[in-house]
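Chemist: Next up is a structure, given as structure tokens.
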Amino acid sequence: IYSCCYLSRRLNQLSSHDPLWKRHCKKYWLISEEEKSQRNQSWKAIFISTYSDLGRYIRYYATLKKAWDDLEKYLGQRCPRMIGSLKESVREEDLDAVEAQIGCKLPDDYRCSFRIHNGQKLVVPGLMGSMALSNHYRSEDLLDIDTAAGGFQQRLGLKQCLPLTFCIHTGLSQYMALESVEGRNKYEIFYQCPDQMARNPSAIDMFITGTSYLEWFTSYVNKVVTGGYPIIRDQIFRYVHDKECVATTGDITVSVSTSFLPELSSVHPPHYFFTYRIRIEMSKDALPEKACQLDSRYWRITNAKGDVEEVQGPGVVGEFPIISPGRVYEYTSCTTFSTTSGYMEGYYTFHCLYYKDKFFNVTIPRFHMVCPTFKVSTARMVSRDVVETNHNEYAVDEDEDSTDTDEYEDRRRVLDIPAPSGRCPRHT
């Protein structure tokens, strides 16, 4: 419209009709009435000035700006100190300089996001989520553009890959492929997973976490702001809860959420590490005499091959929690599978505090754990016909049985996050 207005008086009049530009300002740049008043400009002038600066991102800006705004609002109420770690936007010339430095083009959705916020400082907690289990701790920061450029990879196995996140405790990063090389799709996002059985250091498998920066970032933000990930002591924990994964026995409800840990997993040899968070709650309407204490647990663990392992043991995480009306007990534990998926179910045995000879079982609902899609290293697959696969298509050696690891359960309630130190005991 702006270009055509020079050819026709009528179009010129139409192009100066401010309500027309108001609609575009709100749709593409999310400009509010309050911001318009502060800038003391017409809607047309605002649109033109904004377009001259951000026009190349018009496909992405509104979506990413809304995601950032929603995230800031949510965290401002629940994790205020995390807001202080966010960096201001970068300039176009800064992004151009990084492209010249690494010799690769940055995708426009990535550039657009950094025109809004330049990642965060290297602090704890990380914006991209945390995980705590026994003495294993992870918290991922969203890297600023300069730090990301400094970690740009040209070595075999990670050729032309840019780190997006970094955990200062584990060294774990999520990478974005800037070119379609070594079996990766352009702009694919993944966790690296070294092949532990290969002598070739470039044999790196990949757990896929996104197909583009826009999809990766907005899907994560949506999980956070809709409550899909719990906020625990000012940190975002990437546990996924299936709303159907709840079982009620009498006055006691048990619910489970799970998470895959790529940093403790491998494709070759097949070893997939999951952590689960269990919540045990007694209804606040239960009678006082319903108070009870947990004595033991029973697990039935099934891997993708249908192999079953049964495990029994006293208490949970070395504790024998007492549950009373309105009280909640939560804990975390972990398990490993040699197959790419599996499930667990079972029950807890309680005794009544008022009637000590009365015992009863409380159902633990069946919960499934599935490894995310992965790609195997092209360095390892050179001698094979298949180069790329996912967890439904790739046959791995499956010699181990799944293992209940309650003996390694977090010995604190989940709200008491352990100090960052080392890795899970069974992997030291």
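The values are calculated or read from the model by the stated rules, or taken from the named source; none is laboratory data. Here the structure is a predicted model, which is why all the values come from computation and not from measurement. A quick note on method: Cβ atoms are made from the backbone with ideal geometry, for glycine too, and the neighbour counts reach across all protein chains shown. When the accessible area is computed, the model is the full protein with side chains, heavy atoms only, and any ligands, DNA or RNA have been set aside. Shrake-Rupley method; radii C 1.70, N 1.55, O 1.52, S 1.80 Å.
Chemist: Report yes if residue 217 is aromatic (Phe, Trp, Tyr), in contact with a helix residue (DSSP H, G or I) (Cβ under 9 Å, 6 or more places away or on another chain), under 24 Å from residue 257 (Cβ atoms) and not in a strand (DSSP E or B), otherwise no.
Modeler: Working: aromatic (Phe, Trp, Tyr): yes; in contact with a helix residue (DSSP H, G or I) (Cβ under 9 Å, 6 or more places away or on another chain): yes; under 24 Å from residue 257 (Cβ atoms): yes; not in a strand (DSSP E or B): yes.
So residue 217 fits the description; yes.
Chemist: In region 330-351, what count of residues is obtained for those that are open to solvent by less than 10 Å² (accessible area, probe 1.4 Å) and in a strand (DSSP E or B)? Talk me through it step by step, then tell me what you get.
Modeler: Filtering region 330-351 for residues open to solvent by less than 10 Å² (accessible area, probe 1.4 Å) gives 331-339, 342, 344, 348, 350.
Of the ones still in play, those that are also in a strand (DSSP E or B) are 331-337, 342, 344, 348, 350.
Selection size over region 330-351: 11.
Chemist: Considering every residue within region 349-364, establish whether at least one is outside the structural domain of residue 172 (by the TED database) and on the phi > 0 side of the Ramachandran plot. Lay out the reasoning, then the answer.
Modeler: Going through region 349-364, the residues outside the structural domain of residue 172 (by the TED database) turn out to be 349-364.
Restricting the remaining residues to those that are on the phi > 0 side of the Ramachandran plot gives none.
Within region 349-364 (the criterion being outside the structural domain of residue 172 (by the TED database) and on the phi > 0 side of the Ramachandran plot), the answer is no, since none of the residues qualifies.
Chemist: Another question, if that's okay. Restricting attention to region 296-326, which residues are of a type outside the set (A, V, I, L, M, F, W, C), open to solvent by less than 40 Å² (accessible area, probe 1.4 Å) and part of a strand (DSSP E or B)?
Modeler: 296, 297, 298, 302, 303, 313
Chemist: Please go through region 225-239 and give me each residue that is in a strand (DSSP E or B), at pLDDT 95 or above and either open to solvent by 40 Å² or more (accessible area, probe 1.4 Å) or within 22 Å of residue 337 (Cβ to Cβ) (or both), ordered by number.
Modeler: The one that is in a strand (DSSP E or B), at pLDDT 95 or above and either open to solvent by 40 Å² or more (accessible area, probe 1.4 Å) or within 22 Å of residue 337 (Cβ to Cβ) (or both): 237.
Chemist: If you scan region 35-80, which residues turn out to be among the acidic types (Asp, Glu) and in contact with a strand residue (DSSP E or B) (Cβ under 9 Å, 6 or more places away or on another chain)?
Modeler: Looking only at region 35-80, we keep the residues that are among the acidic types (Asp, Glu), and these are 35, 53, 69-70, 72.
Within region 35-80, just 72 meets the criteria.
Chemist: Contact list please: Cβ distance under 7 Å, first residue in region 19-44 and more than 15 Å from residue 65 (Cα to Cα), second residue hydroxyl-bearing (Ser, Thr, Tyr) and not in a helix (DSSP H, G or I), pairs at least six apart or on different chains.
Modeler: Note: pairs meeting the criteria are 44/16.
Chemist: Follow-up. Does residue 199 satisfy the condition of being under 22 Å from residue 128 (Cβ atoms) and open to solvent by 10 Å² or more (accessible area, probe 1.4 Å)?
Modeler: Values: under 22 Å from residue 128 (Cβ atoms): no; open to solvent by 10 Å² or more (accessible area, probe 1.4 Å): yes.
Spelling it out, it is not the case that residue 199 is under 22 Å from residue 128 (Cβ atoms) and open to solvent by 10 Å² or more (accessible area, probe 1.4 Å).
Chemist: Looking at region 202-214, which of its residues are assigned to a loop (DSSP other than H, G, I, E, B) and open to solvent by less than 10 Å² (accessible area, probe 1.4 Å)? Walk me through how you get there before you give the answer.
Modeler: Going through region 202-214, the residues assigned to a loop (DSSP other than H, G, I, E, B) turn out to be 202-203, 211-212.
Passing the criteria: only 203.
Chemist: Right, something else. So, in region 137-160, how many residues would count as being in contact (Cβ under 8 Å) with a residue 40 or more places away in the chain, under 19 Å from residue 205 (Cα atoms) and not polar (S, T, N, Q)?
Modeler: So the count comes out to 5.
Chemist: Same structure, new question: Is there a residue in region 280-288 that is assigned to a strand (DSSP E or B), free of Cβ contacts under 8 Å to residues at least 60 places away in the same chain and open to solvent by 60 Å² or more (accessible area, probe 1.4 Å)? Even if it seems obvious, please write down each step before you answer.
Modeler: Let us first name the residues in region 280-288 that are assigned to a strand (DSSP E or B), namely 280-282.
Now narrow it down to the ones that are free of Cβ contacts under 8 Å to residues at least 60 places away in the same chain: 281-282.
Then drop every residue that is not open to solvent by 60 Å² or more (accessible area, probe 1.4 Å), which leaves 281.
Yes, some residue in region 280-288 is assigned to a strand (DSSP E or B), free of Cβ contacts under 8 Å to residues at least 60 places away in the same chain and open to solvent by 60 Å² or more (accessible area, probe 1.4 Å).
Chemist: Let me spell it out: the conditions are (1) farther than 20 Å from residue 139 by Cβ; (2) without any contact (Cβ under 8 Å) to a residue 24 or more places away in the chain; (3) touching a helix residue (DSSP H, G or I) at 6+ places or on another chain (Cβ under 6 Å), and residue 76 meets all of them except one. Which number is the exception?
Modeler: Failing condition for residue 76: (1).
Chemist: Take residue 56 and tell me if it is closer than 25 Å to residue 236 by Cα and either modelled with pLDDT of 95 or more or surrounded by fewer than 14 Cβ atoms within 10 Å (Cβ to Cβ) (or both). It would help to see each step written out before you state the result.
Modeler: Details: closer than 25 Å to residue 236 by Cα: no; either modelled with pLDDT of 95 or more or surrounded by fewer than 14 Cβ atoms within 10 Å (Cβ to Cβ) (or both): yes.
Against the criterion (closer than 25 Å to residue 236 by Cα and either modelled with pLDDT of 95 or more or surrounded by fewer than 14 Cβ atoms within 10 Å (Cβ to Cβ) (or both)), residue 56 does not qualify.
Chemist: Report yes if some residue within region 153-161 is at pLDDT below 95, touching a His at 6+ places or on another chain (Cβ under 9 Å) and surrounded by fewer than 23 Cβ atoms within 10 Å (Cβ to Cβ); otherwise report no.
Modeler: No, because not a single residue in region 153-161 is at pLDDT below 95, touching a His at 6+ places or on another chain (Cβ under 9 Å) and surrounded by fewer than 23 Cβ atoms within 10 Å (Cβ to Cβ).
Chemist: Would it be correct to say that residue 175 is modelled with pLDDT of 95 or more and in a strand (DSSP E or B)?
Modeler: Yes; evaluated as a whole, the condition is true for this residue.
Chemist: Output the residues belonging to region 19-57 that are outside any helix (DSSP H, G or I), in contact with a Phe, Trp or Tyr (Cβ under 9 Å, 6 or more places away or on another chain) and among the polar types (S, T, N, Q).
Modeler: Pass one, region 19-57, residues outside any helix (DSSP H, G or I): 29-32, 40-42.
Narrowing further to those that are in contact with a Phe, Trp or Tyr (Cβ under 9 Å, 6 or more places away or on another chain): 29-31, 42.
The one that is outside any helix (DSSP H, G or I), in contact with a Phe, Trp or Tyr (Cβ under 9 Å, 6 or more places away or on another chain) and among the polar types (S, T, N, Q): 42.
Chemist: Taking only pairs six or more apart or across chains, which ones have beta-carbon atoms under 9 Å, a first residue in region 93-109 that is more than 15 Å from residue 161 (Cα to Cα) and charged (D, E, K, R), and a second residue that is open to solvent by 50 Å² or more (accessible area, probe 1.4 Å) and modelled with pLDDT of 95 or more?
Modeler: Taking only residues 6 or more apart or on different chains, the pairs are 94/146; 108/56; 108/59; 109/59; 109/63; 109/187; 109/215.
Chemist: Checking the condition closer than 19 Å to residue 215 by Cα, of a type in the set (Lys, Arg) and out of contact with any Gly (no Cβ under 7 Å at 6 or more places or on another chain), which residue from 81, 115 passes? Step through it out loud before you land on a result.
Modeler: Working: 81 fails: closer than 19 Å to residue 215 by Cα.
Step by step, each of 81, 115 is checked, and only 115 is closer than 19 Å to residue 215 by Cα, of a type in the set (Lys, Arg) and out of contact with any Gly (no Cβ under 7 Å at 6 or more places or on another chain).
Chemist: What about residue 122, is it modelled with pLDDT under 95 and either of a type in the set (A, V, I, L, M) or not in a helix (DSSP H, G or I) (or both)? Steps first, answer last, please.
Modeler: Values: modelled with pLDDT under 95: yes; either of a type in the set (A, V, I, L, M) or not in a helix (DSSP H, G or I) (or both): yes.
Against the criterion (modelled with pLDDT under 95 and either of a type in the set (A, V, I, L, M) or not in a helix (DSSP H, G or I) (or both)), residue 122 qualifies.
Chemist: Pairs, please: C-beta under 8 Å, at least 6 apart or cross-chain, first residue touching a residue at least 60 places away in the same chain (Cβ under 8 Å) and part of a strand (DSSP E or B) and in region 261-279, second buried (at least 22 other Cβ atoms within 10 Å of the Cβ) and of a type in the set (Asp, Glu)?
Modeler: Within 8 Å, the pairs are 266/205.
Chemist: OK, next. With (1) β-branched (Val, Ile, Thr); (2) open to solvent by 30 Å² or more (accessible area, probe 1.4 Å); (3) closer than 30 Å to residue 320 by Cα as the list, and residue 256 as the residue in question, which single condition is left unmet?
Modeler: Evaluating residue 256 over (1) β-branched (Val, Ile, Thr); (2) open to solvent by 30 Å² or more (accessible area, probe 1.4 Å); (3) closer than 30 Å to residue 320 by Cα leaves (2) as the failure.
Chemist: A further question on this structure: Please find, within region 8-34, the residue that is modelled with the highest pLDDT out of those that are within 36 Å of the chain's Cα centre (by Cα) and exposed (fewer than 13 other Cβ atoms within 10 Å of the Cβ).
Modeler: Kept after step one, since they are within 36 Å of the chain's Cα centre (by Cα), are these residues of region 8-34: 23-34.
With exposed (fewer than 13 other Cβ atoms within 10 Å of the Cβ) added as a condition, the list becomes 23, 27, 32-34.
Values: 23: 92, 27: 96, 32: 93, 33: 93, 34: 92.
It comes out as 27.
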